[in-house]
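Structure record follows, encoded as structure tokens.
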Amino acid sequence: MTRIRSVVLAGLALAVALATLSPVEAARAKKHAAPPPAEAPAPTAQSGAAQPLGTSDSWSAYQATDGTGPVCYLVGKPQKSDPAGFARKPPMAMVTHRPAEKIANVVSFVEGYPLKDGSEVAIDIGASKFELFTKDDAAWARTAELDRTIVTALGKAKRVVVHGVPQKGPATTDVYALAGFPKALALIDKACGVKR
């Protein structure tokens, strides 16, 4: 299959999937449908590879530029994932800023497997629980206000527990230690001029 045909088919698949979401969910999923992988940040459309800003515990911060302007994001890896033998790509947690578009604190969790259609990803941060909508292998908050609430909770807690339901196989649980999260968040805030 040619690269162009693959891109066209991927675009059609995204369009069909977005049609099942609300307009707000579709816009948020389309904007953040393909986050960069944790191990090797993806090249951007305009300027090449993302630049590392620093790492704190299991959290790493990056800055890049795409067609809309600067993009700053942090990526976290789970401390523990269950079930241990479940075949999946590495899960990750992300927070993204896009200041040129006046977008900040976009929370996403990439589960590393196709999520069950219509399912939600549940996250537990201390005593707080949140439900995120899903698309393909990732989950997002429904509103910018909920993003801010989740980021604030992540900055104050010791861990976040993420529960996902795959299309096939057992439900998963990922536990992220949050010790390095505030420092990584401060790095992307500074790089993209986000005030707290």
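The values are calculated or read from the model by the stated rules, or taken from the named source; none is laboratory data. None of the values given here were measured: they were computed from a predicted structure. Every residue, glycine as well, gets a Cβ built from its backbone with ideal geometry; the counts of neighbours run over all protein chains shown.
Worth pointing out:
- Condition broken by V107, with the remaining ones in (1) within 14 Å of R142 (Cβ to Cβ); (2) more than 11 Å from the chain's Cα centre (by Cα) satisfied: (2)
- When restricted to residues that are buried (at least 19 other Cβ atoms within 10 Å of the Cβ) and basic (K, R), the stretch 125-147 contains 1.
- For the stretch 117-149, the tally of residues that are of a type in the set (V, I, T) and within 19 Å of Q79 (Cα to Cα) stands at 3.
- Residue list for the stretch 47-86, restricted to those being surrounded by fewer than 18 Cβ atoms within 10 Å (Cβ to Cβ), of a type outside the set (V, I, T) and without any contact (Cβ under 8 Å) to a residue 60 or more places away in the chain: S47, G48, A49, Q51, P52, D66, G67, G69, A84, G85
- Residues being of a type in the set (A, V, I, L, M, F, W, C), surrounded by fewer than 20 Cβ atoms within 10 Å (Cβ to Cβ) and more than 20 Å from D189 (Cα to Cα) - total across the stretch 88-124: 1
- Residue in the stretch 36-54 that is at pLDDT 50 or above and within 21 Å of T143 (Cβ to Cβ) present: no
- Residue satisfying condition, being of a type in the set (K, R) and closer than 22 Å to A177 by Cα, within set K102, K80: K80
- Test result for A179, touching a residue at least 60 places away in the same chain (Cβ under 8 Å), crowded, with 21+ Cβ neighbours inside 10 Å and small (G, A, S): no
- Any hit, the stretch 63-70, residues being in a strand (DSSP E or B), at pLDDT 95 or above and farther than 22 Å from A186 by Cβ: no
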